[in-house]
Amino acid sequence: MNINLNSVNKILIIRLSSLGDILLTTPLIRALKHLNPNLQLDFVLREEYEELLRNNPNINRIYKYTNHKFEKQIVFNSILDEEHDLTIDLQNNIRSKELVRMLKYYVVKFKKNNFNKFLLVRFKINKLKKATPIPIRYANVLNNILLDEEGLDFFSDNQINSELKNAENIIGLCPGAKHFTKQWPKEYFIKLGKKLESEGYKIVLFGGVEEVKTCDDIENNLQNVLNLCNTSILQLGADMKMCKAIYTNDSGLMHLATAVKVPVISIFGSTVKEFGFFPYKARSVVLENKELTCRPCTHIGRSSCPKVHFNCMKKITPDIALEALKQVTL
């Protein structure tokens, strides 16, 4: 979209969710601020993700979207009062369109690759071979703005957990993901943890409220382990910085780890890099079983393996995962 940014003073960015998707907007935010340091950049997101941008120096104001009808109207009215010159809708779904309809100023929208995703998932016709990273696709909605090489941003002013301050050789494990087919088996995380412990590493477990039981089970099977599951996003980001490397699934915490500049080994099951959601500008390894003809079986994740065997994850063994550590830490 050909827009003269020199005439723009206030921009509203809409990306309501989720954790990783919001972090992937930060290279564009930084690029816009670099073009015009006086630019007012405001952001709309769901209230549970506010911590992701709370300390970002490039953001002027955060509007917290809520499903509560009365509170939502207050937020909408506040946005209207600000009279932005331009809106960038990076969500482009029913909820963001509800907000966009109320705005009287110019709007540009992120174009999703839904049809090409459908072709790849359903018929294995791959028109996404270039695997353009999502931050670049976000930048393409606005004059193809050139992004720098700095990767994702995350700013936390939280104090590091006291048990990590004097620890050495810390490896993080993030066993969670929203959908089952994006989760490396818990038993594999346990086996990997034991192998890492035998090589002198301290294990730290990260996750949200949904991963509490999984992290507890892993903790109960390891010796030199610290379970930091179910802390705030700001605390997670602060503590992750102490890790030598972090193992993740294809999840929001993968992007959080890359945003705090920690090497990442990410394990992809039912999804593939072609969708664009892989570690961006980070020292990383993506582990995936490329021999299966059934991958990808989804672009977001499933509650079970449609082929039952779940070989997209099960064939990526703890030994393979352990070997990958050398690629990001040497």
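We did not get these values from a lab; they are worked out from the coordinates using the rules stated. All figures in this text were calculated on a predicted structure; none of them were measured in a lab. We place every Cβ from the backbone using ideal geometry, glycine too, and count neighbours over all the protein chains shown.
Residues considered: Lys165, Lys117, Lys273. Largest GNM mean-square fluctuation over the chain, using C-alpha springs under 10 Å, is found at Lys165. Using the Karplus relation 6.51 cos²θ - 1.76 cosθ + 1.60 with θ = phi - 60°, the per-residue 3J(HN,Hα) values for segment 36-45 come to 8, x, 8, 5, 8, 10, 10, 9, 10, 8 Hz, with x marking Gly and Pro.
Legend: ranking of residues Met313, Met240 from fewest to most surrounding C-beta atoms inside 10 Å; resulting order Met313, Met240. Note on Arg101/Ser198: beta-carbon distance plugged into 1/(1 + (r/R0)^6) with R0 of 56 Å gives a FRET efficiency of 0.45. Approximating the spin labels as points 7 Å out from Cα along Cα→Cβ, the Ile320-to-Ser303 distance works out to 2.8 nm. The charge dipole of the chain, taken about its Cα centre with unit charges on the Cβ of Lys, Arg, Asp and Glu (plus for the first two, minus for the last two), comes to roughly 1460 debye. Here's how it looks for Thr87: its modeled amide H is under 5 Å from those of Leu12, Tyr106, Val107, Val108, which are all 5 or more places away or on a different chain.
Rounded to the nearest 0.05, the FRET efficiency derived from the C-beta distance between Glu83 and Lys178 at R0 = 30 Å is 0.25. Separation of segment 156-230 and segment 91-123 by C-alpha centroid, Å? Each part's Cα centre sits 36 Å from the other's. Please say if the chain is rounded, prolate or oblate, where rounded means a/c under 1.5 for a ≥ b ≥ c the square roots of the C-alpha gyration tensor eigenvalues, and otherwise the choice is prolate for a/b larger than b/c and oblate otherwise? In terms of gyration-tensor shape, prolate. Cβ screening of the chain for cysteine pairs under 4.7 Å finds these without a partner: Cys174, Cys243, Cys294, Cys297, Cys305, Cys312. For the peptides 301-312, 255-266, the ranking by packing is 255-266, 301-312, with the highest mean count of neighbouring Cβ atoms within 10 Å listed first.
Evaluate E = 1/(1 + (r/R0)^6) for Ile3 and Asn93, where r is the Cβ-Cβ distance and R0 equals 25 Å; express this FRET efficiency to the nearest 0.05. The computed FRET efficiency comes out at 0.65. Label sites at Lys112 and Thr132, each approximated as a point 7 angstrom past Cα along Cα to Cβ, lie 1.7 nm apart. Residues whose amide H lies under 5 Å from that of Val204, counting only those 5 or more places away or on a different chain, are Ile171, Gly172, Leu173, Leu226; hydrogens are built 1.01 Å from N in the peptide plane.
Dipole of segment 5-139 computed with +1 at Lys/Arg Cβ and -1 at Asp/Glu Cβ about the Cα centre; of Asn36, Pro135, Ser96, farthest Cα towards the positive end is Pro135. Projecting the Cα atoms of Leu287, Val272, Cys312 onto the dipole axis of segment 162-329, where Lys and Arg carry +1 and Asp and Glu carry -1 at the beta carbon, places Val272 farthest toward the positive end. Residues whose amide H comes within less than 5 Å of that of Val44, counting only those at least five positions distant or on another chain, are Ile13, Ile14, Arg15, Tyr63 (H built at 1.01 Å from N in the peptide plane). For the set Lys178/Lys273; Lys97/Lys261; Lys127/Lys326, the pairs lying more than 23 angstrom apart at their alpha carbons are Lys97/Lys261; Lys127/Lys326.
Protection proxy ranking of 23-32, 99-108, by the mean of other Cβ atoms within 10 Å over each peptide's residues and highest first, is 23-32, 99-108.
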